[in-house]
1. Each residue of segment 197-206 in order: what ³J(HN,Hα) in whole Hz does its phi give by Karplus 6.51 cos²θ - 1.76 cosθ + 1.60, θ = phi - 60°, with x for Gly and Pro?
2. If you build a Gaussian network model of the chain, linking Cα atoms that sit under 10 Å apart, which residue out of H199, H128, H227 swings the most?
3. Helix 167-180: angle to the longest alpha-carbon principal axis of the chain, degrees 0 to 90, nearest 10?
4. Please identify every one of the chymotrypsin sites (Phe, Trp or Tyr not before Pro) in segment 10-99 that sits in a loop by DSSP and has no more than 14 other beta carbons within 10 Å of its own beta carbon.
5. Note down the relative contact order for segment 222-315 as a percent, whole number, built from C-alpha pairs under 8 angstrom at least six residues apart.
6. Let a ≥ b ≥ c be the square roots of the eigenvalues of the Cα gyration tensor of segment 3-190; is it rounded (a/c under 1.5), or, if not, prolate (a/b larger than b/c) or oblate?
7. Please give the length that would be gained between A154 and K347 if that part of the chain were fully extended, namely 0.36 nm times their separation in residues minus their C-alpha to C-alpha distance (nm, one decimal).
8. Sticking to Cα atoms, compute the Rg of segment 243-392 to one decimal and its Dmax as the biggest Cα-Cα distance, whole number, in Å.
Amino acid sequence: MRHRIVLILGGGIAAYKCLEAIRRLKEHDISVRCILTKAAQEFVTPLSVGALSNERVFTDLFDLNDEREIGHIRLSREADLIVVAPATADLLAKMAHGHAGDLATAVLLATDTPVLVAPAMNPKMWQHPATQRNVATLKHDGVVFIGPAVGEMAERDEAGPGRLVEVEDLVAEVRQLLDSGVQTTAKTDLGSDALTGVHVLVTSGPTHEPVDPVRYLANRSSGKQGHAIAEAAATLGARVTLISGPVDLAAPAGVAVINVQTAAEMHAAVHAALPADIAVFAAAVADWRASKSPRNKIKKTGDAPPTLKLVENKDILKSVGTLKSNRPPLVIGFAAETSNLIANAKKKRKAKKADWIVANDVSEDSNVMGSDHNQVHLITEAGADRWTRMSKREVARKLMKHAAGAHAAAHKKTNE
Ligand SMILES: Cc1cc2nc3c(=O)[nH]c(=O)nc-3n(C[C@H](O)[C@H](O)[C@H](O)COP(=O)(O)O)c2cc1C
C-alpha cells in the first residue's frame, strides 16, 4: 500500500538535509506533501521542495485556493503520519502549547494523525529547561521523537546533543512507524499513562575499567538499546532513572540520568537508586577490571610487556535479582551471547534470579553492537519468545509495553 505523509520543515540549518529525506522517502513509495514554515523558506525554497516531492508545496494558512482545494484540515487528515523535520525549538514550543498561528502549527493542532518529530538545534537550545519541558509535554501527548543526535554543530566549536539524526535513520523510523501500524495507535499506545507513578530503573552503555590514568578496558556497547528503553518508559509516563556508562547519546527527555564510568560505580548507583518497580539492566557491564590502576601512566621499559591481572566485578543484575528486601518486583536482564543463545539465557535467568531475560545474539555476523536494529528473544518463566528483527526503539517500546502489562497484572493481584 502506498503511504502518504505530511512533512513539516522548520526554520533550521538542517532543513537542507530534509531535501534528501524527501527523495529517499519517495524511493520507498511514500508520497510526501510538504509544508514550509516562513523561517524554513529562508533555508530551502518551495521550488526545490516541490521539485523533489513532485507535489504542491504548502506555506500559507490563508491561501484561499488551498482552503477551497484542500485546506489545512484535509491536509492533516489525509496523511498516515505527520513528520516534523527539522523541528526547531520554536516549533516544539508552539506544538507543546497548542499554537495555531501559521499553517504548520494549525495542521499539527487540527489532527489526531500520529506525529514524528526530529529535533535539530543548538545543544544549549535543546538542553534548555524550557525545551525539555516542551519535549516532555509532547511525549506525554503521544508525539514520537527521533534524536537529536550528538555531534558537531554547524556553528564553530559547538558540539553536543542537537544534530538532526542521519537521513537514513529518519527514513527508517518513518517506514517502521508506517509498516508497524503505530500510525493508528500512537496516541493511545505510546502516549498512554500505563506506567504513571511507576519508577523504572534502566542501565545502559558500556563501562570503562581503568588500567592506568589514560587507558581503559571497554566493550562495543553503544547504549542505544538502554537509552531507547529509558525513553520508551518515560513515554509511558514512568519516572525513569537511567544509569549510563560513557556513551555518545543525548539523554532522553524527561529522564533523570546518572553518568558513571566503571562497573563499581554503576553497581553503587543502581543500589542507591532503589527502590524501583521495574529494573532493566541493558548495560554491557565489564565482567572484569584491572586488579590495580596505578596513579601514573604505565611506561614502556624495554623489558617484557607488563602483565594485566584482572579481577571480577560485582554482578549487578544478580545483586539486585537476589535482594531479600527492596527487590524490584520486575527485574529484567540482558544476555548478549555469541553461541547457545537460548540455553545460556535461560541459565542466566535462573542463576541471577531475573524475572525476564532479553537475549540477543552478538556474534560477529549478527551486526547488533552499535547498530540501530536488534533481534531478541524474551525469556520468561513460560519459555522463550522470538521477536522479529526490529529497530532498537521498537524493541524498547515492545518491552516496556510488556513490562507495563506485567506491572498492571501484579498490581491487580495484590489489590484483590
Ligand atoms: C542561521 C540560522 C540558523 C538557525 N538554525 C536553527 C536551528 O537549527 N534550530 C532551531 O531550533 N532554530 C534555528 N534558528 C532559529 C529559527 O529559525 C527561529 O527560531 C524561527 O523563528 C523558527 O521558526 P519556525 O519554528 O516557524 O520554523 C536559526 C536561525 C538562523 C538565523
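The numbers here are math on the coordinates, done by the rules we state, and not lab data. Owing to the predicted nature of the structure, the values given are computational and were not obtained by experimental measurement. Note that we place each Cβ from the backbone using ideal geometry, even for glycine, and neighbour counts take in every protein chain shown.
1. x, 9, 9, 10, 9, 10, 10, 8, x, x
2. Between H199, H128, H227, it is H128 that shows the largest mean-square fluctuation.
3. Relative to the chain, helix 167-180 is tipped by roughly 90 degrees.
4. For chymotrypsin sites (Phe, Trp or Tyr not before Pro) across segment 10-99 that sit outside H, G, I, E and B with at most 14 neighbouring Cβ atoms in 10 Å, the list reads F62.
5. Normalised by residue count, the contact order of segment 222-315 is 24 percent.
6. Rounded.
7. 64.6 nm
8. 17.7, 58
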